[in-house]
Structure formats: structure tokens, C-alpha cells
Amino acid sequence: MDDLGSWRKALQPFAELHDIFKSFERYLIPGSAQPLGVAVSGGGDSVALLCLLHLWGKRPLEVFCVNHGLNPHSVGWCAQVEALAERLGHGFTRLDWIGDKPATGIQAAARQARHGLLADAARDKGIEVLCLGHNRDDILEASLMRDMGSSVGAPEIWAPSPVWPQGRGVFIYRPLLNVPRQMLRDWLTVIGVGWVDDPANVNPKFLRSRARTELMGGEAEASNLPDAPITVSELLSVPQPLGWAGILTMDADHLLNLPQAAAHKVVAAAMVSAGGGARLPRSDSVAAIVKGLKRGEAGPFVLSGARLIRREDTILIGREPGDMVRRQVPPLDLAPHDAGVWDGRFEVRAGTRPVTIMAVQGHKGALSEADLARYLQVPAGLRGALPVVKMGSETGNRLVLLSEPDNSDGVTLRSWVALRFLYALGQVANEYDLLRKL
């Protein structure tokens, strides 16, 4: 058993670590029985984060370690992390990136795979918050990489998981962004906890490694505070009248009166959320839509698999049916009581019968009178993307428009479009906000 008193005493010379427990309590709920996920690679940053959370001692922890399979020692590194987690009395899960690896862009692919594995594992264990060990140096490296031509984003202290749909409902917490990397290693040295150094971090063929080398020896500045979240109370209609259909409804004048950067952020987040895709659209494409709206154009504007139209004082953003046809979005087949995500927008769980989820486009004539009335509430250009469920009955297959959270056949539907949009705009700023019903 570690002498936690000596660990805490060892923090005293390290000024940037003095307030780390205040940060934990600002973003995390102390005393909750729900475990926190901690991604630990074995490197000094993530090992230090694990030790600090252990020293805080107010939450159960589940340690995740990803074996990328890119280094022959990676299994051994995972074993070291497992040994540390066991020594500290926390759960451990190893995650393996299996399958073919790309010949180029390996670090970006590994990062995407890592986030996907972590998000899936977190949801499987009922974990909503994943703690990552990014620090002050990572902010500077990301900034320099962007200067070198990369599109890598700046790490934020709190943000939704960057992968979709695996990351739905999972949030990333990075409490060490104001702490220099070397300070974390110095503290580990004092308390006698070791770490591994991945040689890929200094391999000059990787852009991040070159950025790290260029910054080595420089003095890192403290990170900026995160941008204030955009207020959405006057932007969105509440309740969302077409939320069941995965369509966002917002006030046109309020959107167009936002500062330019905020308006661009809103449109980008709305388009990717309504389109169900994984990547934000190009900034120049977003700017073109905002300019068109300010000129009084009604659209439709199509971007990221979504369609935006303006009707007088209202902007509607939903899935673009034509994009679904071009991409040949496949149906989702579910066995009884199974669940899945269809088209990146709807999470569906089957009832007692097998079902197939697909787009209504081409099947309008098979809808019941009640479903047809619901269908006609949606603007014409957005109707084709609505979900229908095909299920067997005594008289053969029939189609039901999935327009309610629960229907008489036991099929449940949850649209992630509005929630994902709200998450992207910072409406969940810490774990306490997860208790609110958005």
C-alpha cells in the first residue's frame, strides 16, 4: 500500500499541481459510485494522472490501456500499466487495435482507433467520463503542428468524445493542461513510480515528434481558458418540434446576429450532427453557408450529409436524403432486444421481434394513415431521411414510422442529433451537467 501522505507531501515543490484537486472537484462529482475511466498508455503523462486521481481518492477508477500493436514492446507496456492499476487497487482493461494498419498517416489512424476503442469500452462499463493525460506541452505541440500544415485540434479540458457514433454520451476530461510535461515526470521520480518512453515520440518521420523536438527546452506558456459556451436558449426552439425526426429548428435572426466565429461554430456543429457523420465540415464551406443566409438566401444548403433550409424566421437542418442514396446507407437489422445506431443519428432497440430500420424514401405508400400524417409534418426536402421500421406480423411485413421514443411494438428510438449538437456547443461543461436533462 502506497504512503499517500508522502505522495501528497511530494506535491509541495510543484506549484502547477497545487490546485489539481480543486480541478477534480470542479469537473467531477466526488463520492459518486460511478467509475471514472482513465486512459493510461504507460507514458509519464498518463501514469501521473492515474496517480493523482488515486491520491484524490474520491472515485472508483477503471484503467484502460490501448495496445496499438505498433511496437513489439507494447504488450509489455500494457502489462506494466496493469501491474500499477492492480497495485493501486483499481480495475484494468486492455484494449487491442487489431486488423490491418495504414501505410501512411499511422499516428492519426492510431489516435482515431484509440478514441474509438476507449469510447466503446467506456460505454460498455457505464462510464461517461474518460480522463486523459494531455498537458501544457501538448497544447504547444498542437499549435506548432497547425503552423506546419496539420489540421490537428487543440486539446480542451472538457469536451465530448471526438469519435462518432462510438463516443455518444462519453466525455473527455483533461485536467493537466496547465501542467508542464517535465513537472509530471519530476513528481513521479520523487514518489518512485516509473513510466515508459515510446520511441515513436522522438521519431522524426512523425510531425508531432518534430514539433516536440523543436519545442524541447522552450518555456511553455499556460493554456488559455476554454471559450465560453454559446448560449442556446434563444437560438433553439424549445421543445424542438421536429426533434423526433432528427431535425434541428433554430431562430434565424439569433443565429445571424451571433459573432462570426460563433455563427460558424453553430452551423458546423448543426450540419455534422444532423448529417450523422464523424468529421466537422471545412471552415470555408461553413462560411459560404453563413454568407448565403446573411444575403437572405433560403437554401437549400447541403453540407456534411445535411440540408439546411430557411423558412421565414426559422432555420431547419436535417439529413439530406440525396446523400443517403449516394452513399447507399444500409438498413440496420436487429435481432430481438438488440440495439444499434442507424445512420449516425438514431439509436434503436428492437422489441420481441427482429426488425429492420431503413429510410422512408421510396416507402411512403406503405405508411398507415396516422404515420402519413406525421410524415407530412416534416418539410418536403427532409422527409425522405426519416426512419421506418419493417417488422413481420401475422399478415406479412409492415412499415411503421419511428416517430416516438417508444411504440406499441416495443421498438424504442432515440435521436442523438439535438443532444450531439448541444454537447458540441458546450452545454455540458462538467460531470455535474450530465445530471441535468437537456
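The values are calculated or read from the model by the stated rules, or taken from the named source; none is laboratory data. Fair warning: this is a prediction, and the values are worked out from it, not measured in the lab. All Cβ positions, glycine included, derive from the backbone under ideal geometry; neighbour counts span all protein chains shown.
Hey, does region 25-36 have a residue that's closer than 24 Å to VAL190 by Cα, surrounded by 18 or more Cβ atoms within 10 Å (Cβ to Cβ) and in contact with a Pro (Cβ under 7 Å, 6 or more places away or on another chain)?
To start, the set of residues in region 25-36 that are closer than 24 Å to VAL190 by Cα comprises none.
Within region 25-36, not a single residue is closer than 24 Å to VAL190 by Cα, surrounded by 18 or more Cβ atoms within 10 Å (Cβ to Cβ) and in contact with a Pro (Cβ under 7 Å, 6 or more places away or on another chain).
Where in region 1-73 are there helices (runs of 4 or more DSSP H), lying wholly inside it, with at least 1 residues that are touching a strand residue (DSSP E or B) at 6+ places or on another chain (Cβ under 9 Å)? Before the answer, list the steps.
Details: elements: 4-10, 20-27, 44-56.
Once the helices (runs of 4 or more DSSP H) in region 1-73 are filtered for at least 1 residues that are touching a strand residue (DSSP E or B) at 6+ places or on another chain (Cβ under 9 Å), what remains is 20-27, 44-56.
Residues LEU88, LEU49: which one is out of contact with any Gly (no Cβ under 7 Å at 6 or more places or on another chain) and either more than 21 Å from TRP158 (Cβ to Cβ) or crowded, with 18+ Cβ neighbours inside 10 Å (or both)?
Values: LEU49 fails: out of contact with any Gly (no Cβ under 7 Å at 6 or more places or on another chain).
Among LEU88, LEU49, only LEU88 is out of contact with any Gly (no Cβ under 7 Å at 6 or more places or on another chain) and either more than 21 Å from TRP158 (Cβ to Cβ) or crowded, with 18+ Cβ neighbours inside 10 Å (or both).
Going residue by residue through region 269-283, is there one that turns out to be touching a strand residue (DSSP E or B) at 6+ places or on another chain (Cβ under 7 Å) and at pLDDT below 95?
For region 269-283, residues touching a strand residue (DSSP E or B) at 6+ places or on another chain (Cβ under 7 Å) and at pLDDT below 95: present.
Looking at region 130-184 only, could you name the residues that are among the hydroxyl-bearing types (Ser, Thr, Tyr) and modelled with pLDDT under 95? Give the derivation first.
Just the residues of region 130-184 that are among the hydroxyl-bearing types (Ser, Thr, Tyr), to begin with: 143, 150-151, 161, 173.
Within region 130-184, SER143, SER150, SER151 meet the criteria.
Could you please find all residues in region 320-339 being surrounded by fewer than 19 Cβ atoms within 10 Å (Cβ to Cβ) and either closer than 12 Å to VAL411 by Cβ or more than 28 Å from the chain's Cα centre (by Cα) (or both)?
Listed by number, the residues that qualify are PRO336, HIS337, ASP338, ALA339.
Can you name every residue in region 359-375 that is surrounded by fewer than 17 Cβ atoms within 10 Å (Cβ to Cβ) and under 19 Å from ARG326 (Cβ atoms)?
GLN361, GLY362, HIS363
Is it fair to say LEU95 is on the phi < 0 side of the Ramachandran plot and either among the small types (Gly, Ala, Ser) or not in a strand (DSSP E or B) (or both)?
On the way: on the phi < 0 side of the Ramachandran plot: yes; either among the small types (Gly, Ala, Ser) or not in a strand (DSSP E or B) (or both): no.
Spelling it out, it is not the case that LEU95 is on the phi < 0 side of the Ramachandran plot and either among the small types (Gly, Ala, Ser) or not in a strand (DSSP E or B) (or both).
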